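Visitor: Once you've had a glance at the structure underneath, I'll fire off some questions.
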Amino acid sequence: MFAYLQSRIRGTARVSPGAPPPGLVAFYWHFARQTKGWYALMFVTSLAVALIDTVATGYLREGKRFMTIAIGCTGGKHRSVVMAEQIAERLDETGLGIQVVHRDLGRE
């Protein structure tokens, strides 16, 4: 996932950003603001994996064998596919049996 995000984030600003402002947070935000959407995506993905991992532990403790997680977006061919694959990849590291089904893939 991080390789994908690294290929999308430019190391330098598109427009000359000028002199950075004083202060640590202002300095950071001055250069990081162009990537705020990608940081939000990484945060949401990490949060989703943490929540699912927590809930899955409860499901296993109760003896349930299946859990369905649905992720959707308009069209269902880009954002939701990437999110589902990334979440499945990270959850697969926990040892849970993960199966991903893309309902709208192939529908035109």
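Visitor: Inside region 90-108, can you point out the residues that are in a helix (DSSP H, G or I) and either free of Cβ contacts under 8 Å to residues at least 24 places away in the same chain or over 19 Å from ALA40 (Cα atoms) (or both)?
Guide: LEU91, ASP92
Visitor: Quick check, is PHE27 modelled with pLDDT of 85 or more and more than 24 Å from ARG103 (Cβ to Cβ)?
Guide: On the way: modelled with pLDDT of 85 or more: no; more than 24 Å from ARG103 (Cβ to Cβ): yes.
It is false that PHE27 is modelled with pLDDT of 85 or more and more than 24 Å from ARG103 (Cβ to Cβ).
Visitor: Please work out if GLN6 is at pLDDT below 70, assigned to a helix (DSSP H, G or I) and of a type in the set (S, T, N, Q). Even if it seems obvious, please write down each step before you answer.
Guide: Values: at pLDDT below 70: yes; assigned to a helix (DSSP H, G or I): yes; of a type in the set (S, T, N, Q): yes.
The answer is yes for GLN6.
Visitor: Would you check which residues across region 54-70 are small (Gly, Ala, Ser) and part of a helix (DSSP H, G or I) and list them?
Guide: Filtering region 54-70 for residues small (Gly, Ala, Ser) gives 56, 58, 63, 70.
Listed by number, the residues that qualify are ALA56, GLY58.
Visitor: For region 9-22, indicate whether the set of residues that are farther than 30 Å from ILE69 by Cα, of a type outside the set (A, V, I, L, M, F, W, C) and at pLDDT 80 or above is non-empty.
Guide: Checking region 9-22: at least one residue is farther than 30 Å from ILE69 by Cα, of a type outside the set (A, V, I, L, M, F, W, C) and at pLDDT 80 or above.
Visitor: Out of the residues in region 40-89 that are more than 11 Å from the chain's Cα centre (by Cα) and aromatic (Phe, Trp, Tyr), which is farthest from ASP104 (Cα to Cα)?
Guide: TYR59
Visitor: What pairs can you find where one residue is in region 33-62 and closer than 26 Å to PRO21 by Cα, the other is among the hydrophobic types (A, V, I, L, M, F, W, C) and in a loop (DSSP other than H, G, I, E, B), and their Cβ atoms are less than 7 Å apart, with a gap of 6+ or different chains?
Guide: GLN34/ALA13; THR35/ILE9; TRP38/ILE9
Visitor: Which residues, counting only those in region 45-84, are at pLDDT 80 or above, in contact with a helix residue (DSSP H, G or I) (Cβ under 9 Å, 6 or more places away or on another chain) and surrounded by 12 or more Cβ atoms within 10 Å (Cβ to Cβ)?
Guide: THR45, SER46, ALA48, VAL49, ILE52, ASP53, ALA56, MET67, ILE69, ILE71, VAL82, MET83
The values are calculated or read from the model by the stated rules, or taken from the named source; none is laboratory data. Please read all numbers here as calculations on a predicted model, not as lab measurements. Note that we place each Cβ from the backbone using ideal geometry, even for glycine, and neighbour counts take in every protein chain shown.
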